[in-house]
Amino acid sequence: MSAAISNRARAGCLIAIALLVTIIAYSPGLDGPFIFDDIPNIVQNEAIKITSLEYDGLLDAMMSGNSGPLKRPISMVSFAANHYLSGLDPKPYKYTNLIIHLTNGTGIFFLSLLLLNTAIASAWHRLNRATIVLLSISIATVWLLHPLNLTSVLYVVQRMTSLAATFAILAMIFYLVARNRSNANKPFAWPLTTCVTLILLSIFSKETGLLIPLYLLIIEVIFFRFNFTCDKARASYVIFFGILLVAPLLALAIYTLTSPQWISSGYLYRDFTLPERLFTEARVLFYYIGLILAPLPSELSLYHDDIKISTSLLSPPTTFFSIIGLATLFVYSVSTIKQHPIFAFGVIFFLSGHLLESTIYPLEIAHEHRNYLPSFGLIFLLVSCIARAATNIKPLLLAGILLTTILLLLYCTYDRSSDWSSTFRLTLSQLAKKPLSPRANYEAGVMHAYLAEHDTNNPDQHYSQAILLFSRTANLDPTSTSPLFSLIILQSRLKQPHSTAVIDDLIKRLKQTILSRRVITQFNSLIRCQAEGLCDLESKTLLTLIESAQQNKQNNSKMRAHIHFVYTNYYFNIEKDTKMSLRHATEAVQLWPNYVPYLLNLAKLQFLAGNPEAGMRSLEKARSLDQDRTYSGLYSEIENIANTNPL
């Protein structure tokens, strides 16, 4: 008994040390700012800025997410809780993310322990209890300190990823508990029911939680092989997988076959097609594997938009070899489940973890946070295989290999975390690592544009750098309008002469490239700049830009509605013409009748135009459509206008 207690105390101390070292590794970046998608999801999201814990406020916060089809309410309400406690200070948000990461690392330890015990029981390899514990601690430590996981911690909005992983890890742990209890003829209903609850919590944190039933099936097939001590238990698990995995897959397949546009429509706003994305993702998966096995600091970046799109099997040639390589890995893993279950689990778990974000869905090509949980598979495989080979290695040498690996990961993560300590340092480091990334160049341009206005010591130098970086971005991405809008706004705000070439290029792109909602944001920024008197672009030129976007023959009805909204904004704020503004607001709603923000905009203009009856009809229709209260923050403004224009 005393020996067992001593071993547990030793394991607890080692886990505590691993957690402490992880805190040290991340400490420089905890002082960093909100960045990128943090801004719309947190900083500019009025719904999460709660000042009390009233039900309506919490509900509004939960339903305010626009990052996924399920709105990710668990993640969103966690941001609201942060705001309630500390406002918009980014530090507590990052501390919360780190706590989640430490929790996940502890969960990885227990998950590894259960998996290795199960593998040993199935005669994978004979290791004693103490070795299994040390191996599990090593897996957890490597995963905790791996620099590839950094964006899921210091990039606040990626709490969606890490929180979904929390519930996924716990679900796998409870499933293993349930299976071990069923094999011991003990009641297993409560851990299995808990597992289902955790799956739901994960799904509503981020849609990647939908993969958990697949993870559980992988565990079942590889480690348990559906061997049960009684038929009743087997029937329970068959029903479990039938409800949680088979039924949803069938429903998804039927829906996709009958309504393929729910996927294909997303590609209208991408500069790649579905086949091109699939070809490219084969290469990207090997790129991820390289980052997991050899996380070179020069390759770790917030941006990976410099990855070349695969336009065919042989363009570039590595596309073909990547597809063959993935197929070979998968087939070999499946065929060697009995002989090499750890290898099979590691590979299949990693590949399965990318089924949502690295396959058919029209997402961006690559992001590091997509490996947060899938990387566990390869780390589990790598560390376990090193231990298996340890029979021919002296224990001291093995300890040296693991310690060296952990120290290198600590250094890489600490160094990378230091880059995240300020906007200036982060922006410059991303540009240095990814000089051909349009996004890295653009963000550096935005930073220098800001400094050109606010740094009184070197404004001309920052202005020149901003012009250079925006121009480079435009050349790197010939479909993007962002750098051209930014050039126009920058030249306007600093009272510099406008470049005719820039305006002509923007007109061309607005007419010929597929437009996204980002263009509408850019137009509105330019109109706001004009309305505030900070920009001096001629109204005629601004109107020509809007007309160019309207003339784009690739616009669908929703994009045409967006452009009418831009006209509404222009006439209301620049020309002060409520009649023309109302006309375009009406056109926008006719093109997109059920879009709540445009209905609310129409209601506002109808009240202002002296037509309160029409305004009330538009307002009530908006309320009826906004069942989840996504736009509740907009109602008060409309109601104030309505009160000054009574029926």
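The values are calculated or read from the model by the stated rules, or taken from the named source; none is laboratory data. All values reported here derive from a predicted model rather than from experimental measurement. Virtual Cβ from ideal backbone geometry, glycine too; neighbours counted across all protein chains shown. Note: areas computed on protein heavy atoms with side chains; ligands, DNA, RNA excluded. Shrake-Rupley method; radii C 1.70, N 1.55, O 1.52, S 1.80 Å.
Which value, in nm² and rounded to one decimal, describes the direction-averaged projected area of the C-alpha convex hull of the chain?
Working: hull surface 131.0 nm².
Averaging across all directions leaves 32.7 nm² for the Cα convex hull.
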#### Entry: Theoretical FRET efficiency, 1/(1+(r/R0)^6), r = Cβ-Cβ of Thr359 and Asn556, R0 25 Å, to 0.05
0.50
### Message
Could you tell me the relative contact order of the range 244-356? Use alpha-carbon pairs under 8 Å, at least six residues apart, and round to a whole percent.
### Response
20
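Please compare each pair in Lys558/Lys579; Lys508/Lys579; Lys553/Lys579 to a cut-off of 24 Å on the Cα-Cα distance and tell me which ones are over it. Don't skip to the answer; put the middle values down first.
Numbers: Lys558/Lys579 22 Å; Lys508/Lys579 30 Å; Lys553/Lys579 27 Å.
Checking Cα-Cα distances, Lys508/Lys579; Lys553/Lys579 exceed 24 Å.
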### Task
Based on a Kirkwood Rh over C-alpha pairs, give the Stokes-Einstein translational diffusion coefficient of the range 388-543 at 10 °C and viscosity 1.306 mPa s in µm²/s.
87
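What helices does the chain hold that run 30 Å or longer along their axis, going by alpha-carbon atoms, with a Kyte-Doolittle average of -0.5 or more, using DSSP H for the helix calls?
2-26, 90-121, 159-183, 395-419
What translational diffusion coefficient, to the nearest whole µm²/s, does the range 605-647 have by Stokes-Einstein, given a Kirkwood radius computed over alpha-carbon pairs, a temperature of 20 °C and 1.002 mPa s viscosity?
Calculated translational D: 203 µm²/s.
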#### Entry: Pairwise FRET efficiency - Ser265 versus Lys579, Cβ, R0 = 30 Å, nearest 0.05
0.30
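Using 0.36 nm times the number of residues separating Arg425 and Tyr332, minus their current alpha carbon distance, what extension gain do you get?
Working: separation 93, 0.36 × 93 = 33.48 nm, distance 4.41 nm.
Separation in residues times 0.36 nm, less the Cα-Cα distance, equals 29.1 nm.
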### Task
Give the cysteines in the chain for which no other Cys Cβ lies under 4.7 Å away, or write none if there are none.
Cys13, Cys195, Cys230, Cys385, Cys412
### Task
On the full set of protein chains, 1.4 Å probe, figure out the accessible area of Ile360 and give it in Å² to the nearest 10.
60
### Message
How large is the translational diffusion coefficient of the range 130-237 in µm² per second when you combine the Kirkwood radius over alpha carbon pairs with Stokes-Einstein at 20 °C and 1.002 mPa s?
### Response
140
### Other-chain or far-sequence residues with amide H under 5 Å of Tyr303's (modelled H)
none
### Task
Could you check the simple spin-label distance between Cys230 and Arg528, using points 7 Å along Cα→Cβ, in nm with one decimal?
6.5
### Query
Which of the trypsin sites (Lys or Arg not before Pro) across the range 416-515 are loop residues per DSSP, with 13 or fewer other Cβ within 10 Å?
Lys495
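So if I average 1/r over every pair of distinct C-alpha atoms in the range 28-73 and take the inverse, what Kirkwood radius in Å does that give?
For the range 28-73, the Kirkwood estimate is 11.8 Å.
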### Query
Cα atoms only, the range 479-629: Rg and Dmax in Å?
16.2, 49
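Over 15 Å, how big is the tail of the calculated P(r) for the range 196-293, in percent of all Cα pairs? Spell out each step's value before the answer.
Numbers: 3598 of 4753 pairs.
In whole percent, the long-distance tail amounts to 76.
Can you give the accessible area per residue of the range 1-148, in Å², using a 1.4 Å probe? Intermediate results must be reported in sequence, preceding the final value.
Details: 6420 Å² over 148 residues.
Per residue, the range 1-148 has 43 Å² of solvent-accessible surface.
How big is the equivalent ellipsoid of the range 513-584 along its three axes, where each semi-axis is √(5λ) from the Cα gyration tensor, reported in whole Å from largest to smallest? Mind dumping the intermediate values first?
Numbers: eigenvalues 78, 39, 20 Å².
They are 20, 14, 10 Å, listed from largest to smallest.
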### Query
Can you give me the Cα centroid spacing of the range 198-237 and the range 1-60 in angstrom?
27
